[in-house]
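Worksheet for the structure shown next.
Where a number appears in this text, it was derived from the coordinates with a stated rule and is not lab data. The structure displayed is predicted, hence computed values, not measured ones. As a convention, Cβ positions derive from the backbone with ideal geometry for all residues, glycine included, and neighbour counts pool all protein chains shown.
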Amino acid sequence: MRTFVFLCALLVALTFLSFSNGAVSISVTECMYILLSTIGFDVSYPINNIHQGVLLEIRIPRTILAIMVGAGLSISGALMQGLFRNPLADPGLVGISSGAALGAALVIVLGWSIPFLEYWTLPIAAFIGAVISTICVMRLSQMGGKTVVTNMLLAGIAINAIAGAGTGLMVYLAEEDQLRDLTFWTLGSFGGAKWIEVQLAFLVIVIPSFIGLFLSRSLNIMLLGEAQAHMLGVSLEKIKKTIVVLVCIIVGSSVSMTGMIGFVGLVVPHLCRMLVGADNRKVIPASILLGGSLLLASDLLSRTLIMPAEFPIGIVTSIVGGPFFLMLLSMNQKNQVW
Amino acid sequence: MLTTFLLLFSFISCSDSSTDATAQQAQETSSSEEAKTKPAEPQQRIVSLGGSVTETIFALGEGDRVVAVDASSLYPEDVLKLPKVGYYRQISTEGILSAKPSIVIASDASGPKESIEQIAKIGVPITQVSSEKTLAGTEKRIQQIASLLNKKKEGEKIIAQIREDLKLVQKPEKSPKVLFIYARGIGTLSVGGKNTASSEMITLAGGTNAVQEYEGYKPLNAESIIIAAPDYILLTTRGLDSLGTIDDLLKLKGISETPAAKNKRIISMDDLMLLGFGPRTGKAAAELSKLLQK
């Protein structure tokens, strides 16, 4: 319980840090006044219009989106690790990210655009790419009407390779500027977060994540092995398909809105297991809280490290998270307090 | 378990509190600055995105109003002292706003579009100017920027100067074939095809682009270079630096077989001057044409 209180406090503290830090400096006091005046209070504080714009149009949406995406990627990682009963599984295994990358590459390099939805062409294409590759993997992993997890893994590897080849072809065809765009996309960014994306993310990230919470008990039972889980009355087919569909929606939409952000989905569930033990009923909610915090902290670093320019967040998550994770692992080996 | 919490927390909080402190410091100094300058006159502060855009603003004599630039702005030298807000294709909205611009002048190739929108939405006027890498594009860009800054006369002067410089281009009897190599170190060599800035500049200087088979830049292929048989090989200065010396270049497969390599006709010119299509376009063409006489 104390762990959860702590994780919540961490998230709240980071949220306020995120509101008040960045290239444009806005004091915490001014933040509070801007927030108060936005919800209708009459404040006598001289609010700077630019500061108000920065807070309301840039920082708050990007903070909320970072929390949602971090939580979504982490719960997806936890669900995949439960499904594969392997702590090394991550959402990339079933081809979601590589499919999305191919979709994005096609749009960036070939200059496609969807009529009436020009603005959303890139995220839509990335999401479609994610869905198509996931469907392929799902189909290929069917055997006698059942989903075989090992087949899913192998099909995932194959689909990843094929999508990777497609992306490689696009890289070959790309011009200098397109190549830059593509590279930046693969490193992820919350720089363009808007309110409409926050609203969309609520639908496609928060709701599926909430559903994911209810799968934790079944995942615990699946840890015993598929046969045992079946005996204990877990509807395996339904659980497997639900997980893949949820993960595809969450990760596919996260990637399409913010680009590829590696590492979070793999590591956060691990950190959570170190904190709360292996019980999925605790790991999954803890992943949501810690994942949100971790990505929010990374975003904060990404936009403050080299002010006034911005660092791609994918680099930050890996460069900060990687060594930190290694440190935890080595501590874990030295004393078995965990 | 508790130690992890503490570690995790102290790790995150200490990195943040340090940025917090510097941010607060920055705020204090900037607010006192504001108090001094702001009420007197609505001083124009320009953020410029794109190398040739920045160069044009400086050529118009408005360089001292530029407060921040993107990473591709490298000329004139004064630019190098200004804060950088990222590469112009990947700008940071807050970074630009932190320079407190009264106007943002951006190449229309700047992005991402979300950031451009955000800046406009927050109320900072952002104007996009042509990014076309042709002579016509250069003139259009200069006119656009000049009229934005109320410097139309100066703009016309620059354009007239470019035309004057272009008269110095010496057209040879037989137009030499020039191969442009875009290099970022050995192994990342690309060759400029049709409809590229390099091809446009080669034509302006009286040469012929050696590659007519494709558009844009494509990875170098040793055999096709031999077939193209260029009389000259053209690189940017930074491109040549990334390969080492001219001798290193001459040893490369494919290149060593060309007439250009046999006669050691390798030309390198400043990146932004050669490919930027800014106010130095005329000078660049004249200089290149001179080098093509040798």
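Each pair of Cα atoms in the stretch B:177-291 enters the Kirkwood radius, and Stokes-Einstein at 10 °C and 1.306 mPa s then converts it into a translational diffusion coefficient of 116 µm²/s. Pick out, from A:V276, B:T138, A:V43, the residue whose Cα sits farthest towards the positive end of the charge dipole of the protein assembly as shown, with +1 on the Cβ of Lys and Arg and -1 on the Cβ of Asp and Glu. In the protein assembly as shown, that residue is A:V276. Net charge dipole, the protein assembly as shown: roughly 1020 debye, given to the nearest 20, about the Cα centre with Cβ charges of +1 for Lys and Arg and -1 for Asp and Glu.
Take the Kirkwood radius over Cα pairs of the stretch A:1-126, plug it into Stokes-Einstein at 37 °C and 0.692 mPa s, and you get 180 µm²/s for translational diffusion.
Using helices alone, I'd like the mean residue ellipticity at 222 nm for the protein assembly as shown: each DSSP H run of four-plus residues gives -39500 (n - 2.57), total over residue count, nearest 500. Per the formula, -19000 deg cm²/dmol.
State which helices in chain B qualify, where a helix is a whole DSSP H run, it must extend 30 Å or more along its own axis by its Cα atoms, and its mean Kyte-Doolittle hydropathy must be at least -0.5. Display every interim value, and only then the final one.
Values: long enough: B:2-37 (51 Å, -0.13).
Qualifying helices, which must be both long enough and hydrophobic enough, are B:2-37.
Taking a ≥ b ≥ c as the square roots of the eigenvalues of the alpha-carbon gyration tensor, chain B is classed oblate because a/c is 1.5 or more while a/b is no larger than b/c. Counting Cβ atoms of other protein chains within 10 Å of each Cβ in A:22-35 and taking the mean gives 4. Gyration tensor analysis over the Cα atoms of the stretch A:68-199 returns equivalent ellipsoid semi-axes of 27, 18, 14 Å (largest first, whole Å). Relative to its residue count, the protein assembly as shown spans a Cα convex hull of 183 Å³ per residue. Within 10 Å of the Cβ of each residue in B:115-125, the mean number of Cβ atoms contributed by other protein chains is 4. The order of the peptides B:139-148, A:93-102 by mean Cβ neighbours within 10 Å, most packed first, is A:93-102, B:139-148. For the stretch B:46-166, the Kirkwood hydrodynamic radius comes to 14.2 Å, computed from all pairs of different C-alpha atoms. The Cα-based radius of gyration of chain A, divided by its Kirkwood radius, gives an Rg/Rh of 0.99.
Provide the FRET efficiency to the nearest 0.05 for the A:M1-B:S242 pair, computing r from the beta carbons and using R0 = 41 Å. About 0.10, to the nearest 0.05. Centroid-to-centroid, using Cα positions, the stretch B:142-194 and the stretch A:193-231 are 57 Å apart. Sorting B:151-157, A:297-303, A:240-246 by average packing, meaning the other beta carbons within 10 Å per residue, from highest down gives A:297-303, A:240-246, B:151-157.
Applying the Karplus relation 6.51 cos²θ - 1.76 cosθ + 1.60 with θ = phi - 60° to the stretch B:83-96 yields 3J(HN,Hα) values of x, 9, 9, x, 5, 5, 7, 9, 7, 9, 4, 5, x, 5 Hz, where x marks Gly and Pro.
By counting other Cβ atoms within 10 Å of each Cβ, how are A:E197, B:E164 ranked from fewest to most?
B:E164, A:E197
Span-like helix check, chain A: qualifying full DSSP H segments, with Cα axial length of 24 Å or more and mean Kyte-Doolittle of 1.6 or more, are A:2-20, A:121-140.
Name the residue farthest towards the positive end of the dipole of chain A from the options A:V255, A:S27, A:I211, assuming +1 on Cβ of Lys and Arg, -1 on Cβ of Asp and Glu, about the Cα centre. The residue sitting most towards the positive pole is A:I211. In nm, give the distance between the simple-model label positions of A:S44 and A:L232, each being 7 Å from the Cα along the Cα-to-Cβ direction. Rounded to a tenth, the inter-label distance reads 6.4 nm. Between A:A158 and B:A222, the distance separating the two model label sites (each 7 Å from Cα on the Cα→Cβ line) works out to 3.7 nm. Put simply, when B:44-57, B:196-209 are sorted by average Cβ atoms within 10 angstrom per residue, most first, you get B:44-57, B:196-209.
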